[in-house]
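*Asks:* I'd like to ask some things about the structure below.
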Amino acid sequence: MIALRPYASKYIWWKTPDEAMLLPERVVAQVMNIGDYSDVQTVANRIGDTYLRYVLQHVAIGQFSERSWAYWHYRLGLTSAIEVMPAMLKRRLE
């Protein structure tokens, strides 16, 4: 995996970089969701769309904002229209 350590400390601030790096897809998801433009472009260019799609399709509930969810589905060619946008996963309280 690319050198995600700087992103781990920046975007998973509540854990040590070593702890955050145990789940690199979580680090990538955080960059995808709240990353600044430069970080998003760097990570996307280095790891490629295939891994970004994997992260998006295996994300934990609540990981993405609605805005990021929609953006990445369009950006990665997973949807072409708002009508076919996959619904975000939601937690259920029972």
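*Asks:* What is the chain's relative contact order, in percent, from Cα pairs under 8 angstrom and six or more apart in sequence? Mind dumping the intermediate values first?
*Replies:* On the way: 77 pairs, mean separation 20.9, N = 94.
Reported as a whole number, the value is 22 percent.
*Asks:* With every protein chain kept in the model, how would you rank Arg26, Arg46, Arg67 by accessible area, 1.4 Å probe, largest at the top? If you can, show how the numbers build up before the last one.
*Replies:* Values: Arg26 80, Arg46 140, Arg67 200 Å².
Largest accessible area first, the residues go Arg67, Arg46, Arg26.
*Asks:* Pop the C-beta distance of Leu78 and Glu19 into the FRET formula with R0 = 30 Å and round what comes out to the nearest 0.05.
*Replies:* On the way: r = 30 Å, r/R0 = 1.00.
E between Leu78 and Glu19, to the nearest 0.05, is 0.50.
*Asks:* Going by a ≥ b ≥ c, the root eigenvalues of the Cα gyration tensor, does the chain fall in the rounded group (a/c under 1.5), the prolate group (a/b larger than b/c) or the oblate group? Show your work: numbers first, answer last.
*Replies:* On the way: a/c = 2.15, a/b = 1.33, b/c = 1.61.
Note, shape of the chain comes out oblate.
*Asks:* Under a 10 Å cutoff between Cα atoms, tell me which one of Ile61, Ile34, Ile47 has the largest fluctuation in the Gaussian network model of the chain.
*Replies:* Ile61
*Asks:* Further question: 7 Å from Cα along Cα→Cβ at both Ile34 and Arg5: what's the point-to-point distance in nm?
*Replies:* Those two pseudo-labels are separated by 2.3 nm.
*Asks:* Give me the 1.4 Å probe accessible area per residue for the chain, excluding ligands and nucleic acids, in Å².
*Replies:* On the way: 6170 Å² over 94 residues.
With all protein chains present, the chain gives 66 Å² per residue.
*Asks:* Under a GNM of the chain (C-alpha, springs under 10 Å), which listed residue has the highest mean-square fluctuation: Leu56, Leu78, Leu23?
*Replies:* Checking each option, the largest mean-square fluctuation is seen for Leu23.
The values are calculated or read from the model by the stated rules, or taken from the named source; none is laboratory data. Just so we're clear, the structure is a prediction, and the values are computed from it rather than from any experiment. So basically every Cβ, Gly included, is an ideal-geometry build from the backbone, and we count neighbours across all protein chains shown. Quick note on the areas: whole protein, heavy atoms, side chains included, nothing else; ligands and nucleic acids left out. Shrake-Rupley method; radii C 1.70, N 1.55, O 1.52, S 1.80 Å.
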